[in-house]
Every structure is written in C-alpha cells, then in structure tokens.
Amino acid sequence: MALQSADVAQRRRHFRDLHQSGCFVMPNPWDKGSARYLQGLGFKALGTSSAGAAWSRARADGDLSLDDVLEHLREMVEATDIPVNADFESGFAQSAAGIAENLRKAVEAGVAGISLEDATGIASNPVRDIGSSVARLQVARAVLDEYGIDAPLLVGRAENFWVGKPDLDDTIERLQA
C-alpha cells in the first residue's frame, strides 16, 4: 500500500503539532503487528527501534543494511496511520554526500521524523567528535529543508551514556551544539 503524499504531509504536520503541544509518549514497535497494536492503544506517534528491527529479523542491533532499514521504515509507516519517527542510526554513511542521499531515501519512506546519532560503532572511539557530529546534522538539516514546510523533523542524539562514555558535561555540550 503506497501512501499518498497528502497522507505523509498530514502525518508530518501532526508530528510537528505533537512536539509543539508539549510532552508525549512515543513507544517503539518492532514490526507491523506491534505498530498496529500500539496505535490501537491510543498512542499518537511511534518511533522505530534499530534494535527491535534487527532482533525481529534475528540479527544484532547495528547489523541491518540501509536497504533493510528503509524496508522496515516503509513497513512501519504503512502499518498505521500515525506519524513514525525513524531511528536512522548514524545515517549509514561517512561522507556528507552519502548522508544526504540516505536521508532522502528515508524521507521517501514517509517518516515524520528522523533521528541521527553521534555513535561511531567503534569501541575505542564510541562517539564522533562534536564538530563532525554537528556537521552531519547540518547536512541533514539542509537536506530536510529541501522538502519545505512538510519536511520530517530532525532529532540529533547524543549517545554518550548508551555507548559507555558516561560524561554528562560532554553530553550537555553535544546537545547544546
């Protein structure tokens, strides 16, 4: 079932309105059934889970390819009629051009928001330096701005505590940057 662009735009506007209205709970389904179930419980938006998506395919978190993740995003968006925020890990690219191309693919999947993290996946250096993290988000912002008023929201994630670098000062500095 391919969504109409008007449906996608409406979901994105609703997602923006949810953020402007204050706090809300956004659970993380792992497959179409859990997405429909959570919508049925009354949640107003959903966020994908990279771990949940991987585990539902008997894979480790971080082991899904870009194509796997895009397929998962399309499944989640098509399974419900509420906004879906994409856990897009680190954008599946190192270069600015690669991030831009991959973000456009995620946008085309119909998501209402995209979360990018600063984790590297490298145990000896688990988070990117602040400058490159900010530069990656600037690329993402520029790409999403191409879509105008109904672009997905962008969330920059500071993964310090998640990747074993529990430095609150650095985390706050990243969030401020």
Where a residue in the stretch 31-50 is outside any strand (DSSP E or B) and its partner, wherever it lies, is of a type in the set (A, V, I, L, M, F, W, C) and open to solvent by 70 Å² or more (accessible area, probe 1.4 Å), with Cβ under 7 Å and at least six apart: Phe43/Val25; Ser49/Trp30
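How many residues does the stretch 136-172 contain that are over 24 Å from Gly110 (Cα atoms), open to solvent by 40 Å² or more (accessible area, probe 1.4 Å) and aliphatic (A, V, I, L, M)?
Number of matching residues: 3.
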The stretch 1-30, subset part of a loop (DSSP other than H, G, I, E, B) and more than 16 Å from the chain's Cα centre (by Cα), residue modelled with the lowest pLDDT: Met1
The stretch 31-56: number of residues that are open to solvent by 70 Å² or more (accessible area, probe 1.4 Å) and either closer than 16 Å to Arg11 by Cα or modelled with pLDDT under 95 (or both): 2
Residue within the stretch 82-89 that is under 26 Å from Thr171 (Cα atoms), of a type in the set (Phe, Trp, Tyr) and either open to solvent by 20 Å² or more (accessible area, probe 1.4 Å) or outside any strand (DSSP E or B) (or both) present: yes
Among the residues listed as Leu175, Leu116, the single one being at pLDDT 95 or above and either of a type in the set (A, V, I, L, M, F, W, C) or surrounded by 15 or more Cβ atoms within 10 Å (Cβ to Cβ) (or both): Leu116
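The values are calculated or read from the model by the stated rules, or taken from the named source; none is laboratory data. Source: prediction; values computed, not measured. Note that each Cβ is placed from the backbone with ideal geometry, even for glycine, and that neighbours are counted across all protein chains shown. Accessible surface areas use protein heavy atoms only, side chains included; no ligands, DNA or RNA. Shrake-Rupley method; radii C 1.70, N 1.55, O 1.52, S 1.80 Å.
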